[in-house]
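Student: Sharing a structure with you now.
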Amino acid sequence: MCPIKITVYYLSEKLADMRSFLTLVICTICITLQINGQVSDAPSRSEGKGPFKRLIIRGVTLINSTGAPPYGPVDIVVEGNKITEIKSVGYPGVAIAEKSRPVVNPGDEVLECEGMYALPGFIDMHGHIGGKSQAPPSEYVFKLWLGHGITTVRDPGSGNGLDWNLAHKTKSAKNEITAPRIFCYTTFGQGWDKPISTAEEGIAWVRENAAKGADGIKFLGLPYHLCTCIGRKQKLGLRSACHHAQLEVARMNVLASAKAGLTSMEHWYGLPEALFEDKTIQDYPPDYNYNNEQHRFEEAGKLWKQACQPGSDKWNSVMDQLLALDFTLDPTFNIYEANRDLMRARNAEWHKDFTLPSLWKFYAPSRVSHGSYWFEWGTEQEVAWRQNYQLWMRFVNEYKNRGGRVTAGSDSGFIYQLYGFGYVRELELLREAGFHPLEVIRAATIKGAEALGADKEIGSIEVNKKADIIIMKKNPLSNLKYLYGTGTLVLNDKNEEEMAGGVDFTIKDGIVYDAKKLLEDVKNIVKKAREE
């Protein structure tokens, strides 16, 4: 769902994106845009306390990503930005004996969290900070992420330009801005003023981006004659991801690109094509036009039924080969959910307070805006997509069960999915796919860290790892909806409905952020934008 369109593949869509961009500038919140269409720079950090010489988080129940069941109460000691001690200090329902706790020294910061829950900071493996079409302020995006406990983001495409992303990655690493940790994947061909048409040019581009400091490459469709670029990036320490766009997927599906060295796939394009038995090309109708997004997404909803049967020899063969290659699936279930229930996506309760008018305009039906293909979307399309999800989810869940790596990514900023909120919905959809709640948390944390090659530093709450921690009053294992920034509807003891839940504290690099205050800031940004 990346808004970046590489000229070598999608010249016509670049013109469409420009028309959409101009429309949005005229319609709303143009003050957030710079002349070149890039999102605004994040302001200097004024939120959060710390890092502290020594911080003690006291009395939490620990829900980790290691496969361990919840246990507690525990006290967690953080020195600077590193976890230095995790100590079990008692038993549920019994007063904690002070002598069993880590000693509190003068000058220590203490966070009293008895009865609360602690989780590793979430990793959004498909988080676009913003692009020319939507252009949300980066402060808005970052605070929505942190407000939902997302402490690390992989930006697959660097839609604001690699230089912008790298500058903000550095500022975030130094905690000069209020933002998650950023991993920058740059879209193949981005930054060059001419199309890449040969393997030699592609390899030169890869070298150039590696030298600049990119963490990986995002391929948006992969021409088969350029697949050598995938292998070359590995020698330079870069990882890779690919949206297997239909224009090239018949020649390079997921299995072919994984064999060439691709490390992860986005969404699901290219996977059913690798599972074809009685055909080699998707069953396109005669009047199909890829640039007509109603055609593109309506027909995509029929694709999994064209693949082989679950459990068949072909199904198992493709899965076994991907497992052997240690390949990562980043399904982003949430970003296509409007396809199976458009009304639900359009009327999500957080739009009222948290969705910018520019985003709402971008989401609206349009022949120009990417992902706004609601020309005539009805029951038939939604039923097809619901059936599509059943098969897609079955493959993903089985892949996980057989030892494959599955991560959590949101791709928010498109199709009525909002930063942070869309990520929580992704966790709910992993649960629908068959993941146990603890497996959902693992996909959202340590599995993402593994895919980034960062699991020695982040992804779990363990001694010597960075202090990326979520703290909340409600138990998310009992109801993942408690993770939404709005909370979720409950009935209290007075027989009155109220909203309960939400992250209370997001700790990133040892800095303690009031998550609810960050979301209040977002509300004010939206309110101001509407007034303007």
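The values are calculated or read from the model by the stated rules, or taken from the named source; none is laboratory data. Please read these numbers as outputs of a predicted model, since none were measured by experiment. A quick note on method: Cβ atoms are made from the backbone with ideal geometry, for glycine too, and the neighbour counts reach across all protein chains shown. Ligands, DNA and RNA are stripped out before the accessible areas are found, and what is left, the full protein with its side chains, is counted by its heavy atoms. Shrake-Rupley method; radii C 1.70, N 1.55, O 1.52, S 1.80 Å.
Student: Hey, what's the Kirkwood Rh for the range 112-155 if you take every pair of different alpha carbons, in angstrom?
Tutor: Kirkwood hydrodynamic radius for the range 112-155: 11.9 Å.
Student: Run the numbers for GLU112 and ASN401: contour at 0.36 nm per residue of separation, minus the present Cα-Cα distance, in nm.
Tutor: The GLU112-ASN401 span can extend by a further 100.3 nm.
Student: Quick check for you: with a 1.4 Å probe and neighbouring chains kept, what is the accessible area per residue of the chain, in Å²?
Tutor: Accessible area per residue, the chain: 39 Å².
Student: What are the semi-axes of the equivalent ellipsoid for the range 351-462, taken as the square roots of 5 times the Cα gyration tensor eigenvalues, largest first, in whole Å?
Tutor: Gyration-tensor ellipsoid for the range 351-462: 30, 20, 11 Å.
Student: Here is a follow-up. If you take the Cα Rg of the range 390-532 and divide it by 2.2 N^0.38 Å, with N the number of residues, what do you get?
Tutor: Its radius of gyration relative to the 2.2 N^0.38 Å reference: 1.17.
Student: If you don't mind, another one. Kindly flag which residue pairs out of LYS143/LYS527; LYS259/LYS447; LYS259/LYS465 have an alpha-carbon separation exceeding 24 Å in this structure.
Tutor: From LYS143/LYS527; LYS259/LYS447; LYS259/LYS465, over 24 Å: LYS259/LYS465.
Student: Report the local net charge at ILE470: Lys and Arg +1, Asp and Glu -1, summed over other residues whose C-beta lies under 11 Å from its C-beta.
Tutor: -1
Student: Something else: If you take every residue apart from ASN292 with its C-beta less than 11 Å away from the C-beta of ASN292, what net charge results, scoring Lys and Arg +1 and Asp and Glu -1?
Tutor: -2
Student: Computing the accessible area with a 1.4 Å probe over protein heavy atoms, can you report the carbon and sulfur percentage for the chain?
Tutor: With neighbouring chains kept in place, the figure for the chain is 50 percent.
Student: Given SER46, SER410, SER312, which one lies farthest toward the positive end of the charge dipole of the chain, if we put +1 on the Cβ of every Lys and Arg and -1 on the Cβ of every Asp and Glu?
Tutor: Comparing the listed Cα positions along the dipole, SER46 ranks first.
Student: Give the span of the range 75-131's Cα atoms along each principal axis, as three whole-Å numbers ordered largest to smallest.
Tutor: 53, 29, 16
Student: Now for a separate question. Provide the per-residue ³J(HN,Hα) series for the range 246-252, in order, calculated from phi with Karplus coefficients 6.51, -1.76, 1.60 and θ = phi - 60°, each as a whole number of Hz, with x at glycine and proline positions.
Tutor: Result, ordered by residue: 4, 5, 10, 5, 5, 9, 9 Hz.
Student: Could you tell me the ratio Rg/Rh of the range 229-385? Both radii from Cα atoms, Rh via Kirkwood.
Tutor: Rg/Rh for the range 229-385 comes to 1.01.
Student: Farthest toward the dipole's positive end in the chain, which of ILE525, PHE375, SER358, given Cβ charges of +1 (Lys, Arg) and -1 (Asp, Glu) about the Cα centre?
Tutor: The residue sitting most towards the positive pole is ILE525.
Student: Just to be sure I understand the curve: with the Debye formula and one point per C-alpha of the range 429-492, what is log10 I(q)/I(0) at q = 0.21 Å⁻¹?
Tutor: Listed by q, the Debye log ratios stand at -0.96.
Student: I've got another one for you. Averaged across orientations, what area in nm² does the convex hull of the alpha carbons in the range 31-183 project?
Tutor: 10.7 nm²
Student: What are the radius of gyration and Dmax of the range 232-324, computed over its Cα atoms and given in Å?
Tutor: According to the Cα coordinates of the range 232-324, Rg and Dmax are 14.2, 44 Å.
Student: Same structure, new question: Putting +1 on Lys and Arg Cβ atoms and -1 on Asp and Glu Cβ atoms, find which of GLY502, PRO285, ILE203 reaches farthest to the positive end of the dipole of the chain.
Tutor: Toward the positive end, the furthest listed residue is ILE203.
Student: Of the cross-linked pairs LYS212/LYS456; LYS174/LYS473; LYS494/LYS523; LYS53/LYS99; LYS82/LYS508; LYS352/LYS523, which ones have a Cα-Cα span greater than 20 Å in the structure shown?
Tutor: Among LYS212/LYS456; LYS174/LYS473; LYS494/LYS523; LYS53/LYS99; LYS82/LYS508; LYS352/LYS523, the Cα-Cα distance tops 20 Å for LYS212/LYS456; LYS174/LYS473; LYS494/LYS523; LYS53/LYS99.
Student: Can you pull a Stokes-Einstein diffusion coefficient for the range 350-411 at 20 °C (1.002 mPa s), Rh from Kirkwood over Cα pairs, as a whole number of µm²/s?
Tutor: 145 µm²/s
Student: Could you please report the charge total around ARG154, scoring K, R as +1 and D, E as -1 over all other residues with beta-carbon less than 13 angstrom from its beta-carbon?
Tutor: Taking every other residue near ARG154 into account, the sum is -2.
Student: At ARG530 and MET343, where each label point lies 7 Å from the Cα along Cα→Cβ, what is the point-to-point distance in nanometres?
Tutor: Between ARG530 and MET343, the label points sit 2.4 nm apart.
Student: For GLU85, enumerate residues with amide H under 5 Å from its amide H, sequence gap 5+ or separate chain, H modeled in the peptide plane.
Tutor: Those qualifying (amide H under 5 Å, at least 5 residues apart or on another chain) are VAL77.
Student: Computed from the mean reciprocal separation of all distinct C-alpha pairs, what Kirkwood hydrodynamic radius does the range 487-532 have, in Å?
Tutor: Evaluated over the range 487-532, this radius sits at 12.8 Å.
Student: Can you pull the Rg over Rh of the chain, Cα-only, Kirkwood?
Tutor: 0.96
Student: Here is a follow-up. If I stretch the segment between ASN292 and GLU208 completely, what's the gain in nm (0.36 nm per residue apart, minus their alpha carbon distance), one decimal?
Tutor: Length gained, ASN292 through GLU208: 26.8 nm.
Student: Want the number for GLU47 to HIS225: 0.36 nm per residue separation, take away the alpha-carbon distance, what's left?
Tutor: Contour length minus Cα-Cα distance gives 59.2 nm.
Student: Further question on the same structure: Averaging over every viewing direction, what projected area does the convex hull of the Cα atoms of the range 161-275 cover, in nm²?
Tutor: Here the figure is 7.4 nm², rounded to one decimal.
Student: Additional query: Rounded to two decimals, what ratio of Rg to Rh does the range 294-417 give with C-alpha atoms and a Kirkwood Rh?
Tutor: Dividing the radius of gyration by the Kirkwood radius yields 1.03.
Student: Under a point-charge model restricted to the Cβ atoms of Lys and Arg (+1) and Asp and Glu (-1), what is the dipole moment magnitude of the chain relative to its Cα centre, in debye to the nearest 20?
Tutor: I would put it at about 820 debye.
Student: Please give every one of the lysines within straight-line cross-link reach of LYS302, meaning a C-alpha to C-alpha distance under 23 Å, and leave out same-chain neighbours fewer than 8 residues apart.
Tutor: Here the lysines satisfying the reach criterion relative to LYS302 are LYS279, LYS314.
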